[in-house]
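Everything below concerns the one structure shown next.
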Amino acid sequence: QVQFVESGGGLVQPGGSLRLSCTASGSRFVFSYMGWYRQALGKQRELVASISSAGSTIYVDSVKGRFTISRDNAKNTAYLQMNSLKPEDTAVYSCYGDLSPRRYWGQGTQVTVSS
């Protein structure tokens, strides 16, 4: 059974950094895409960043230049390095992985940016 485990969320001051990790267990196959969505209170969920198995990346405009997504296929793990965090980055961040035909989800982790 495939499971995703997230870690790395928390409280940080504006301008600070956090690194999220998302590790898949229970599969020896490489996920075609891995990434993160986020949802803030009262707002729609949005795709933050995704990365293909070959390393191609996509970012939402609001995080370009501040967030970096990467992955280690051998460990079935993705990372989201978040720098220069802003209060508007506050949200629940949920990682996912695509292994056709299914999408698997992590449990979600809270990121709060506040002074």
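The values are calculated or read from the model by the stated rules, or taken from the named source; none is laboratory data. All of these numbers come straight from a predicted model, not from anything done at the bench. Quick reminder, even Gly has a Cβ in these numbers, built from the backbone with ideal geometry, and neighbours come from all protein chains shown. Keep in mind that these areas ignore ligands, DNA and RNA; they rest on the heavy atoms of the full protein, side chains included. Shrake-Rupley method; radii C 1.70, N 1.55, O 1.52, S 1.80 Å.
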### Query
In Å², what does the accessible area per residue of the chain work out to with a 1.4 Å probe?
54
### Message
With a 1.4 Å probe and all protein chains kept in place, how do Y37, Y96 rank by accessible area, largest first?
### Response
Y37, Y96
### Message
Out of the total accessible area of the chain (probe 1.4 Å, heavy atoms of protein only), what percent is carbon and sulfur?
### Response
48
### Query
So how many Å³ per residue does the convex hull of the Cα atoms of the chain work out to?
93
### Message
Could you work out the relative contact order of region 49-115? I mean the mean sequence separation of Cα pairs under 8 Å and 6+ apart, divided by the number of residues, in percent.
### Response
22
### the chain, relative contact order in percent, only Cα pairs under 8 angstrom and at least six apart counted
36
### Message
Give me, ordered by chain and number, the residues 5 or more places off R71 or on other chains with an amide H under 5 Å from its own placed amide H.
### Response
Y79
### Query
Which Cα, out of T68, S100, L47, lies furthest along the positive dipole direction of the chain (beta carbon charges, K/R +1, D/E -1)?
S100
### Query
Under a point-charge model restricted to the Cβ atoms of Lys and Arg (+1) and Asp and Glu (-1), what is the dipole moment magnitude of the chain relative to its Cα centre, in debye to the nearest 20?
120
### Task
Kindly rank 11-18, 40-47 from highest to lowest mean number of other beta carbons found within 10 Å of each residue.
11-18, 40-47
### Karplus 3J(HN,Hα) series, Hz, for region 84-97 with 6.51 cos²θ - 1.76 cosθ + 1.60 (x for Gly, Pro)
6, 5, 10, x, 6, 7, 4, 4, 8, 9, 10, 8, 8, x
### Task
Could you run the Karplus curve 6.51 cos²θ - 1.76 cosθ + 1.60 with θ = phi - 60° over region 36-49 and give me ³J(HN,Hα) per residue in whole Hz, x for Gly and Pro?
9, 9, 9, 9, 8, 4, x, 10, 6, 5, 9, 6, 8, 7
